[in-house]
Structures are given as structure tokens and as C-alpha cells.
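As C-alpha cells, the structure follows; a few thoughts come after it.
Please treat every number below as a calculation from the coordinates, not as lab data. Everything quoted here is computed from the prediction, not taken from an experiment. Reconstructed Cβ throughout: ideal geometry from the backbone, glycine too, with neighbour counts over all protein chains shown.
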Amino acid sequence: MAGYGLSVINDGGVVSIDSEYARLCVLQAGRYSGGAGSAGVSFSPAITTQEPPLIFLRPDNNGGLVTIGCSISGAPGNWTGMTITGPTTYAPSGKYFVGGFAASATAAFGMRLWDGASKLLFDSGTPSAVFTRFSQNWTYVKSTQDAQGFYINWYSSPFSSSVDEYLMINNSGMRMVSGDNIGRITGITYDFSQSQLWFTTTALNNPFIFSLPAVFAKIIA
Amino acid sequence: MSFGMRTWGADGVLQFNTDTATWRIVLSTVVSFAGAAGKSTQPFSVPGCNANNAVAIVLPIGAAASDDRQLETEMTDGTVYVRNYINGYAGLMFSHSTMRLIVMRWY
């Protein structure tokens with residue numbers, strides 16, 4: 001820690017919060033629900049970080065397959081909302097929280113913490129997200145072919161039955177490099193009937209090699 | 001809890017508890033391969049970070065177009081590599097995208 005400020009050390013002897021580094025804060029949280037293949041959420045107020053907000057999601061258990069993606073609206077410094085997408089046969093619904101590496105001043109009482117450059121690091125109204133687990137990569141399991149001849153690669157990450165654990169889904173929705181010039185279409189599938197969590201890539205020329213971390217977090221302290 | 005801090009909301013619900021680990025930001029920067037002429041790699045120094053305590057992610061900046069391609073990251077001891085191609089795959093395709101690299105470490 002610098003010469004002044006605050007540093008809180010827990011029973012494990014590690015720094016949990018301090019006035020030096022921004023933590024992943026829960027900026028907004030709630031439920032999303034929409035119509036065929038799409039659910040929109042407006043950020044209120046708009047999120048003013050330069051970094052795009054991290055979108056963490058936990059879809060509702062429908063007893064079967066839930067395939068989702070996302071896209072963010074707005075621009076650095078003014079992120080206005082997000083859209084949760086899915087197949088047209090599915091109406092996306094579930095819980096979300098939006099995380100960022102800056103607090104916003106919302107609490108009427110509690111504690112606020114700024115760094116030496118006057119950036120708000122902590123506000124008890126936008127508490128830090130809780131780390132649960134991560135992995136450096138998803139694990140390739142299988143490849144299937146759809147009716148149009150596209151290859152779908154299935155990459156697995158351990159499924160959690162806890163409805164309080166959220167998966168970061170920002171990377172689901174933007175295409176990845178493939179072996180052709182179409183790209184790999186990305187998606188996340190919760191298979192509630194089989195208790196499986198999948199990241200899928202779909203392409204005509206679809207290499208098995210894949211590199212994408214899986215990041216999980218929860219809100220509850 | 002013997003040491004640490006807790007905060008509660010106006011509704012009496014526990015909001016923050018230092019018994020739980022948090023994600024701390026280590027690095028946040030925009031990475032661009034807009035001028036890439038082929039497959040290339042950009043290294044970023046992240047002292048003290050490794051594959052067990054930190055994760056590197058690249059975020060789309062706004063809505064992605066259908067011809068945008070994601071970059072990929074590799075976390076190694078002290079260095080993050082960002083690539084515009086599929087590492088280990090012989091194909092020739094590569095990305096021209098600009099994405100936000102975030103390295104975060106849990107405590």
C-alpha cells in the first residue's frame with residue numbers, strides 16, 4: 001500500500017480491498033426477459049467506464065437447452081444497454097449482473113473509497129463481485145454437424161447447479177477466426193437436462209483448437 | 001471472521017465481506033490489430049500473474065460486425081500474449097480487430 005489510504009486484510013492474510021486497485025464491482029443487477037430470441041436491458045444510469053461492462057448471466061432453468069449470446073450498446077464512457085440473444089424459438093429470461101472496474105456513488109450510507117487519482121474504487125452500494133472460479137480454457141468434447149452442413153464444436157466447462165453463480169458471456173456473440181473467411185459463430189448453451197455448460201463454435205471449416213477463458217462470479221457476499 | 005470488514009445495505013443484507021475473494025484489475029488496455037499484415041502476437045507484461053492466479057480476457061468494444069473476429073489470449077508466467085489467429089492451427093486466417101484486454105487477478 002502507498003503511504004496513506006486503506007487496506008483491509010482478511011483472515012487468510014490477503015488484501016481484500018484497498019485504496020490502490022480497482023475491484024470488479026457489481027454496477028447493476030436484476031432480471032432480464034424478452035420475446036422471441038431477444039431480451040433488451042437498458043443500463044440506468046449509463047455506465048461510464050472506458051472498459052466495456054462485464055456481463056454476467058444465469059439463465060432460468062427451463063429443463064432443457066438454453067442457447068444465449070449478447071451484444072452491448074453504446075461506446076466507451078457511455079454504455080447504454082445490452083441485448084441477450086438466443087434462437088427465435090426461445091424467449092431469454094434469467095438473472096444478470098453487470099460488472100465494472102470502478103464503483104459508482106449510489107449508497108446513502110456506508111463507505112466510499114477513492115484512489116490517489118480521485119477515482120472511486122469502492123462504494124458500499126456497488127459492492128465487489130465475489131470470485132467463485134475460473135478456468136484458462138474450455139475443454140473440447142465433440143463435434144456435430146447441423147442440417148446445413150456446418151460443423152459445431154462443443155467445448156465444456158463444469159456446470160454449477162447454484163443459481164447464484166453467474167458466467168461472463170461477453171465473448172458469446174462475436175465471431176472467431178476459423179479456417180475459412182466466414183468465421184466461427186459463437187454461442188453459450190446451458191443444458192439443464194444434462195447439467196452441462198457448453199461454449200459452441202459453428203463454422204464450415206472449424207478447427208478444434210480453441211482458446212477462451214471461462215470466468216464465474218457471484219453477487220452475494 | 002477475526003479480521004476484515006463487512007458492509008450491509010439499507011435493507012440489512014450483507015453486501016460485502018472480506019472473507020470472500022474479489023477480482024482485482026491488473027491491466028486494462030485497448031489492443032489493436034487494425035494494421036496487421038498477417039498472423040501476429042502482442043505481449044503484455046503482468047508481473048506476478050500466472051495461469052493459477054489471473055485470467056486475461058479480450059472484450060468486444062460495442063456491437064461486433066459479422067466480419068469482425070475475436071482475438072485470443074494466453075496467460076503465462078508474468079506475460080500475457082494476445083494473438084490475432086488460432087495459436088497452433090496451420091490456417092492462414094487472421095483478425096484485424098480492436099478489443100479491450102483486461103487482466104484480472106483474484107485474491
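Taking a ≥ b ≥ c as the square roots of the eigenvalues of the alpha-carbon gyration tensor, the protein assembly as shown is classed prolate because a/c is 1.5 or more and a/b outweighs b/c. Each Lys and Arg Cβ is given +1 and each Asp and Glu Cβ -1; about its Cα centre, chain B then shows a dipole of about 140 debye. Sorting B:76-87, A:125-136 by average packing, meaning the other beta carbons within 10 Å per residue, from highest down gives A:125-136, B:76-87. Calculated FRET efficiency, A:Q196 to A:A29, Cβ-Cβ distance, R0 = 22 Å: about 0.30 to the nearest 0.05. Cross-link partners of B:K39 among aspartates and glutamates, defined as those whose alpha carbon lies under 20 angstrom from its own and excluding same-chain residues fewer than eight positions apart: A:D180, B:D67, B:D68, B:E72, B:E74. For the peptide B:84-96, the mean number of other protein chain Cβ atoms found within 10 angstrom of a residue's Cβ is 4. Using C-alpha pairs below 8 Å separated by at least 6 residues, the relative contact order for region A:60-155 is 15 percent.
For B:N87, the shell of other residues with beta-carbons less than 11 Å away shows a net charge of 0, using +1 for Lys and Arg and -1 for Asp and Glu.
Report, ordered by chain and residue number, the lysines lying within cross-link reach of A:K119, taken as a straight Cα distance under 25 Å and ignoring same-chain residues fewer than 8 apart. Partners found: A:K218. Peptide A:129-141 shows a mean partner chain C-beta count of 3 within 10 Å per residue C-beta.
For a paramagnetic label modelled on B:D77 (point 7 Å from Cα along Cα→Cβ), amide N atoms under 19 Å away belong, within region B:23-61, to B:43-56. Highest GNM mean-square fluctuation among A:G40, A:G100, A:G64, for chain A modelled with Cα contacts below 10 Å: A:G64.
Put a dot 7 Å past the Cα of A:Y4, heading toward its Cβ, do the same for A:T88, and the two dots end up 6.2 nm apart.
Per residue of peptide B:2-8, the mean number of Cβ atoms on other chains within 10 Å of the residue Cβ is 6.
Placing +1 on the Cβ of every Lys and Arg and -1 on the Cβ of every Asp and Glu, with nothing else charged, gives chain A a dipole about its Cα centre of roughly 200 debye.
Relative protection proxy for A:202-214, A:173-185, from highest mean packing down: A:173-185, A:202-214 (other beta-carbon atoms within 10 angstrom). Between B:L14, B:L71, B:L27, the residue with the greatest mean-square fluctuation in the GNM of chain B (Cα pairs under 10 Å linked by springs) is B:L14. When the chymotrypsin sites (Phe, Trp or Tyr not before Pro) in region A:1-61 are filtered for DSSP coil states and for at most 14 other beta-carbon atoms within 10 Å of their beta-carbon, the remaining sites are A:Y4.
Is the C-alpha gyration tensor of region B:1-69 telling us rounded, prolate or oblate? Criteria: a/c under 1.5 is rounded; beyond that, a/b larger than b/c is prolate, otherwise oblate.
It comes out oblate by the Cα gyration axes.
Calculate the FRET efficiency for A:A105 and B:D67 from the Cβ-Cβ distance with a Förster distance of 30 Å, rounded to the nearest 0.05. Once rounded, the FRET efficiency stands at 0.15.
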